[in-house]
Amino acid sequence: MSPISCHVLVLAAGFGRRMRGTGDKLLQTVEGAPLLRTLALRALASGRPVTITLPPGEDGAARRAALAGLEVTRVPVPDAAEGMAASIRAGVAALPASAAAVMIVPADMPELTGDDLRRIADAAEKPSDPPRVLRAIAADGTPGHPVAFPRAAFPALAELSGDHGARPVLSAWSETCETIALPGRHAILDLDTPEAWAAWYAGHAD
């Protein structure tokens with residue numbers, strides 16, 4: 001069996017301002033548990049090590065509690081208010097030298113499954129010359145998440161700034177970016193407003 005070399009990085013340090021004070025989107029109930037815990041369990045089901053970025057101090061207390069008992073690496077992000085880039089920088093910096101790739105997963109995507117994450121991690125661990133970026137797309141071809149980056153992209157990820165995520169790195173690697181289609185809207189469904197959550201719950205009512 002080949003050594004594990006792709007790590008899952010779940011971005012969960014954002015403040016969820018689009019919820020307008022109605023509650024933490026990452027603590028909404030999905031499959032009987034807070035979304036963050038459910039997604040962490042799915043990430044662990046991929047068979048890869050999981051790192052999760054979190055707000056520092058009291059801001060992240062409830063999210064840390066949601067992860068109680070799980071074998072994940074928790075990384076506080078002191079400058080989380082800067083935006084997604086701060087989470088990516090902190091998460092990548094926390095990865096061990098043995099990590100040959102990182103799969104970046106936003107934490108507000110309730111339909112991503114363990115199988116989805118495993119498929120991308122499996123592909124990221126296959127030798128490629130030149131190295132490649134792997135990006136999940138929806139069944140209709142719309143680009144989404146997760147995105148897996150090879151170690152060769154880590155220096156660029158470590159220099160990101162602002163709230164545009166890894167877009168500059170994706171752009172720089174566009175010629176060697178390959179896509180993996182996930183079922184339905186798994187790769188593009190993110191819930192970050194009260195209205196989006198209400199609509200999703202309505203569509204998943206028993």
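Data for the structure
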quantity: Top of His186, His145, His164 by mean-square fluctuation, Gaussian network on the chain, Cα under 10 Å; calculated: His164
quantity: Dipole-positive endmost among Pro130, Pro146, Ser161 within segment 72-162 (Cβ charges, Cα centre); calculated: Pro130
quantity: Karplus 3J(HN,Hα) series, Hz, for segment 84-101 with 6.51 cos²θ - 1.76 cosθ + 1.60 (x for Gly, Pro); calculated: 4, 4, 4, 5, 5, 4, 5, x, 5, 4, 7, 6, x, 4, 7, 6, 8, 7
quantity: DSSP beta bridge pairing in the chain, given as percent antiparallel to the nearest 5; calculated: 30 percent
quantity: Environment charge of Gly162, counting only residues whose C-beta is closer than 13 Å and scoring Lys/Arg +1, Asp/Glu -1; calculated: -2
quantity: Gain on full stretching of the segment that runs from Ala65 to Glu82 - 0.36 nm per residue minus C-alpha separation; calculated: 3.8 nm
quantity: Percentage relative contact order, the chain, counting C-alpha pairs under 8 Å, at least six apart; calculated: 25 percent
quantity: Dipole in debye (nearest 20) - the chain, about Cα centre, beta carbon charges: Lys, Arg +1; Asp, Glu -1; calculated: 240 debye
quantity: Cα centroid of segment 134-199 to Cα centroid of segment 92-116, whole Å; calculated: 11 Å
quantity: Top of Thr53, Thr73, Thr142 by mean-square fluctuation, Gaussian network on the chain, Cα under 10 Å; calculated: Thr142
quantity: Contact order relative to length of segment 57-149, as percent, for alpha carbon pairs under 8 angstrom and 6 or more apart; calculated: 24 percent
quantity: Residue-count net charge about Gly14 - beta-carbon cut-off 13 Å; Lys, Arg +1, Asp, Glu -1; calculated: -4
quantity: For the chain, built as a Gaussian network whose Cα springs stay under 10 Å, the top-fluctuating residue of Pro55, Pro146, Pro183; calculated: Pro183
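Coordinate-derived values only; no laboratory data. Fair warning: this is a prediction, and the values are worked out from it, not measured in the lab. We place every Cβ from the backbone using ideal geometry, glycine too, and count neighbours over all the protein chains shown.
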